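S.K.: Quick one: structure below, then a few questions.
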Amino acid sequence: MTTSHSQLVVTSLPIEIQTQILSYLSDVVDQACANHTCPLWSSLICDKYLQASRYHTDRGPFSPTVHKIFDISAGTVRCDAKNGALLNYQLKTHRHGFLDLTALIQDPLFSPHGGFSGSFVPMAAEDAIDAGKLNAADMEINQRGKCGGLVLGDADIDPTDTIWFKIRIVKDLNVQPWVGWERTALAKNSSVKSWIDAIFDKVTSNLEEQGEDARGRFEIYFCEGSGYLGRGWILDIFVMML
């Protein structure tokens with residue numbers, strides 16, 4: 001006579017214990033992998049308790065608590081575009097190849113759990129005006145309060161976040177890419193997906209201005225920019241024409 005024994009699997013543990021286990025996955029890549037393990041873990045990964053671990057909180061008092069997803073140490077956020085639309089949202093990693101980011105890009109770009117967000121300018125206002133990056137309206141916003149080149153965000157003053165990004169359009173690896181600066185603003189607590197979609201709109205506009213087929217096939221890569229410390233948070237955008 002045999003006696004059946006129910007198998008003990010990790011998903012049979014209390015939800016609180018499973019959440020505690022997943023809390024040790026502070027790396028965005030590991031969380032993206034766990035998100036695809038099972039429906040239960042996917043819902044737990046998206047819980048606010050674990051969401052808070054996906055933001056930089058150790059970069060100084062006036063540094064934005066921005067999502068770690070664009071930190072190139074984790075990988076590179078990329079999208080395929082065709083017929084004027086984005087086909088996917090992926091994280092290109094060294095360890096696990098391409099990971100789908102559909103769930104994680106629902107997080108706000110800037111932390112909703114406290115910390116500094118606000119509107120960011122990647123250079124002092126005077127330098128930006130000289131460089132042709134700020135107009136009179138920008139200057140008015142900048143005068144509301146700045147610290148080290150950052151416009152201090154206050155929801156009562158400005159209910160939006162603003163980021164700058166540098167677009168590089170690469171048609172031939174042997175030819176210097178076209179480079180242009182762009183700026184976009186969205187409502188505070190806008191998701192990573194909303195920012196990516198807004199940047200995509202800017203990319204297609206730039207392609208049209210350069211005489212390129214904006215409805216053709218191309219890849220977009222998103223990396224945290226190098227002009228961060230003391231000058232705001234920016235993104236480097238690489239557009240690879242195919």
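S.K.: Going by what's in this entry, would ILE220 be described as among the β-branched types (Val, Ile, Thr), modelled with pLDDT of 90 or more and not in a helix (DSSP H, G or I)?
M.R.: For ILE220, the condition - among the β-branched types (Val, Ile, Thr), modelled with pLDDT of 90 or more and not in a helix (DSSP H, G or I) - is met.
S.K.: Now for a different question. Looking at the stretch 119-127, is at least one residue within 18 Å of HIS67 (Cα to Cα) and modelled with pLDDT of 85 or more?
M.R.: The answer is no, given that none of the residues of the stretch 119-127 is within 18 Å of HIS67 (Cα to Cα) and modelled with pLDDT of 85 or more.
S.K.: Being buried (at least 19 other Cβ atoms within 10 Å of the Cβ) and of a type in the set (Asp, Glu) narrows it down to one of ASP107, ASP80, so name that one.
M.R.: The match here is ASP107.
S.K.: Just give me the residues in the stretch 105-118 being modelled with pLDDT of 80 or more and of a type in the set (Ser, Thr, Tyr), in sequence order.
M.R.: SER111
The values are calculated or read from the model by the stated rules, or taken from the named source; none is laboratory data. Everything quoted here is computed from the prediction, not taken from an experiment. For neighbour counting, all protein chains shown are included, and Cβ atoms are generated from backbone atoms with ideal geometry for every residue, glycine included.
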